[in-house]
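First the structure, in the form of structure tokens, and then the observations on it.
The values are calculated or read from the model by the stated rules, or taken from the named source; none is laboratory data. Computed from a prediction, not measured in an experiment: that's the story for all the values here. Neighbour counts are summed over all protein chains in view; Cβ atoms, including those assigned to glycine, are modelled from backbone coordinates with ideal geometry. To get the accessible areas, we keep the full protein, side chains included, count just its heavy atoms, and leave off ligands, DNA and RNA. Shrake-Rupley method; radii C 1.70, N 1.55, O 1.52, S 1.80 Å.
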Amino acid sequence: MTSRKRSGSGSTKRPKEKVVYIYELLCRGEDPSADSPEFWNEFFLLQPNFESLEDQVSKLNSEQLQLVKPNLNTLFQKCIEMLDTGKDDHPKRLCNSLQTLCSLFYGIYKKCNTEPSSNILNEIFGHETMDEWLKLLMQYCNRILLGDVTENARFMCLKLLLVLVTGTDVGQNVLFEYLMMHSLFDAFVRLLSDPTFRTQHGHDIVILLTILVNYRKHEATNPYVVQLSILADELALNGYGQMISQSLIDFCRQYMQSLNNVQSSSWFSSLSNMVGNMFVSDEGCERVQQIKANNGLLLALYEAVHLNRNFITTLAHTQAESSAPPSPSNTLSLTQPVPDLANAPIIDMTQYPTNLLVAVFQYCSIVMQDNKNESSIANLKLCFLILTCISEDQYANSMMHDNNLTFKVMLHRAQMRHRKLNVDRVGKSQPLAATLLDLLVEFIVSHLMKKFPMELYLLCIGVIHRILCYQKRCRVRLNYPWKELWSALIGLLRFLVNQEQTLVKKCNIFHLSLQVVNIFNLFITFGDTFLATTNSYDELYYELNREEKVFTEIHAMVLRYTTMPECEYKDDVIKLLNALVNILAIVKHFQNKIKEWLAEQGLSTPTEEQILDVVRKNYDLTLKLQYSLDQYERYAEAPLHSSFFQAMVRDVVNDTRKHIYGYVKEAVSVIPEQEVLLAGVATSTATTTSVPAVTATVTTTSTPST
């Protein structure tokens with residue numbers, strides 16, 4: 001029997017899906033439901049084609065938009081009608097309507113972003129009829145989040161809300177007003193309080209809350225800001241904190257694994273990677289992208305510690321949940337093979353954080369090492385602002401200084417030519433305040449560079465000042481090697497003096513120098529209230545005299561600028577000159593005593609112990625009383641940091657928007673078959689296509705539950 005050959009290329013054209021054909025009719029202005037009263041019930045049994053509907057909407061020009069606007073309004077209204085769980089108990093219709101809304105909104109937002117002059121949002125939603133439907137949409141979303149629905153429906157509802165809040169810039173998104181009028185905060189709190197729901201949806205909820213809190217927060221009353229600031233539900237606050245800590249812990253774990261991989265590789269492989277990285281853009285490297293992926297949850301942490309004092313109590317709670325949330329960084333795809341646990345490496349759990357505060361400290365130590373791109377610098381600034389808020393809180397300080405609450409924290413340190421790193425990176429068990437000071441000292445000594453990060457140094461010194469003010473006020477004597485802090489601060493002053501000609505053209509080095517000198521004045525004036533031992537005072541005076549050249553040079557520099565009539569930093573110059581009085585008096589006094597003692601003993605090179613002995617015997621000097629050393633200006637977000645947070649929120653919105661598209665598109669076929677079978681309805685009328693399982697990637701949204 002002769003076989004019949006196909007003509008042409010040998011391939012057949014795939015038939016167009018029925019749902020795609022309906023989308024085309026709607027976008028041509030035709031009414032496909034004219035002769036079929038059951039059309040919409042049958043339509044929502046068809047599997048949505050996310051890409052097709054989004055593409056059809058985004059391609060409409062202004063004339064076509066006017067033609068098809070009634071159809072888009074009808075589609076929008078019919079989708080919302082299907083969200084009424086009291087009318088239709090078919091899970092497939094509910095999920096399909098949510099997916100259709102995601103695609104419809106995404107297409108509208110896409111056109112709005114590519115054609116800002118089109119004003120498509122107002123054209124479609126800017127009239128009273130649609131106003132009522134949008135209010136109804138928020139009510140149904142609230143009902144779905146709290147109702148007895150499938151987890152896929154709840155998942156898609158959260159994805160729809162993410163599409164709504166990330167469609168365009170927060171300040172230009174008119175749909176935010178409906179989320180303000182019909183707050184979903186209580187629903188979010190209920191979900192965060194439940195361990196099961198939190199594991200499945202916690203990441204999305206925290207990101208949603210973070211974006212909603214930042215909508216016109218300084219221009220008008222934002223109900224999410226108010227409700228988050230007074231939230232006292234311990235379960236919800238713990239759940240909120242666990243989502244953040246889990247993400248930071250995952251990041252630290254990945255970093256440790258990458259370090260272990262580098263150490264186990266050959267020297268030739270390491271050299272090849274190093275040479276290859278020289279030609280890769282800093283902004284495009286994997287580490288930078290991972291850091292950017294944490295911006296959303298770091299911003300969520302900032303809002304919590306800034307707005308809600310009750311949240312501070314969760315910072316030291318040990319993470320005891322057995323299962324990690326399904327964040328993209330730790331979720332396996334169904335298509336991936338099950339790992340062979342028998343051959344898995346043994347992991348030392350002491351290397352990983354155990355609570356949120358420890359996770360923040362370790363995360364900061366990693367981010368500090370990457371200072372060559374704007375993304376990492378912005379991320380580090382956010383970390384310092386979080387530490388500023390924490391260091392101002394009385395309860396947080398009491399917790400960090402509690403000698404009965406100690407932790408071993410691994411702080412990562414940058415490789416530098418002038419020092420040798422300790423092989424054992426896990427520090428000793430100590431109060432968290434000591435670990436925080438270690439972290440800040442590490443930043444001071446590792447960022448003395450020509451591209452000087454002045455703002456970060458001011459924030460760093462500010463955190464140190466707040467910690468010392470708490471110790472002085474509450475007479476807390478922290479057992480800490482203060483000499484390391486003093487050496488780091490003197491090294492910073494030395495750098496500022498040496499780089500004066502370069503830095504003074506770019507920034508106010510006198511203000512930073514004043515902050516550092518006032519920290520020394522705080523030790524000199526009030527050290528007896530918080531230094532653990534009397535020897536600490538001796539060591540302080542020893543360090544001031546050992547580095548007397550630095551203070552002498554600063555004094556000379558300041559005197560030089562006081563005679564310059566056009567100096568723009570004249571006020572800070574005068575303040576710095578006055579702040580140096582006591583330090584210079586101490587240096588002069590003990591330098592004379594040391595010279596007299598050396599002459600008596602006939603020595604030229606005394607030992608450290610001999611100098612300390614001279615210091616102990618010659619405290620007979622009078623110092624000037626300086627006021628307000630233990631005072632600082634309370635942190636305020638506006639107006640100083642408003643533009644920074646607007647840019648940060650914009651980055652979080654853009655990053656979430658990029659990834660939400662992929663998740664919704666790939667989630668269109670994840671509705672389990674058993675849900676349809678339970679409804680007792682055959683699905684043969686729906687044209688469906690199989691979609692591969694979601695692959696685990698480092699993104700800012702959680703993966704769909706399957």
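Quick notes on this structure:
- Scan of region 73-92 for residues that are within 37 Å of the chain's Cα centre (by Cα) and closer than 24 Å to GLY662 by Cβ, ordered by number: PHE76, CYS79, LEU83, PRO91, LYS92
- Among residues of region 599-622, those that are at pLDDT 90 or above, open to solvent by less than 70 Å² (accessible area, probe 1.4 Å) and either under 25 Å from GLN515 (Cα atoms) or part of a helix (DSSP H, G or I) (or both), counted: 6
- Matching residues in region 611-661 - criterion: being free of Cβ contacts under 8 Å to residues at least 24 places away in the same chain and small (Gly, Ala, Ser): SER628, ALA636, SER643
- Sole exception among (1) open to solvent by less than 50 Å² (accessible area, probe 1.4 Å); (2) touching a residue at least 60 places away in the same chain (Cβ under 8 Å); (3) within 27 Å of the chain's Cα centre (by Cα) for GLU455, by number: (1)
- Per this entry, LEU512 is not counted among residues that are open to solvent by less than 20 Å² (accessible area, probe 1.4 Å) and not in a helix (DSSP H, G or I).
- Number of the exception - TYR627 against (1) assigned to a loop (DSSP other than H, G, I, E, B); (2) aromatic (Phe, Trp, Tyr); (3) at pLDDT 90 or above: (3)
- Flag if ILE108 is under 23 Å from LYS135 (Cα atoms) and either at pLDDT 90 or above or open to solvent by 40 Å² or more (accessible area, probe 1.4 Å) (or both): no
- Annotation: of all residues in region 113-135 being surrounded by fewer than 17 Cβ atoms within 10 Å (Cβ to Cβ) and closer than 14 Å to LEU179 by Cβ, the one that is modelled with the highest pLDDT is LYS135.
- Scanning region 17-50 for residues that are assigned to a loop (DSSP other than H, G, I, E, B) and either touching a residue at least 60 places away in the same chain (Cβ under 8 Å) or in contact with a strand residue (DSSP E or B) (Cβ under 9 Å, 6 or more places away or on another chain) (or both) yields a total of 6.
- Only one of the numbered conditions (1) open to solvent by 10 Å² or more (accessible area, probe 1.4 Å); (2) part of a loop (DSSP other than H, G, I, E, B) is violated by SER375, and that is (2).
- The set of residues in region 411-437 that are under 23 Å from the mean Cα position of the chain (by Cα) and either at pLDDT below 90 or surrounded by fewer than 21 Cβ atoms within 10 Å (Cβ to Cβ) (or both) comprises LEU411, HIS412, ARG413, ALA414.
- Test result for LYS18, at pLDDT 85 or above, under 24 Å from GLU177 (Cβ atoms) and surrounded by fewer than 19 Cβ atoms within 10 Å (Cβ to Cβ): no
- Options LEU60, LEU53: the member that is modelled with pLDDT under 90, open to solvent by less than 10 Å² (accessible area, probe 1.4 Å), aliphatic (A, V, I, L, M) and in a loop (DSSP other than H, G, I, E, B): LEU60
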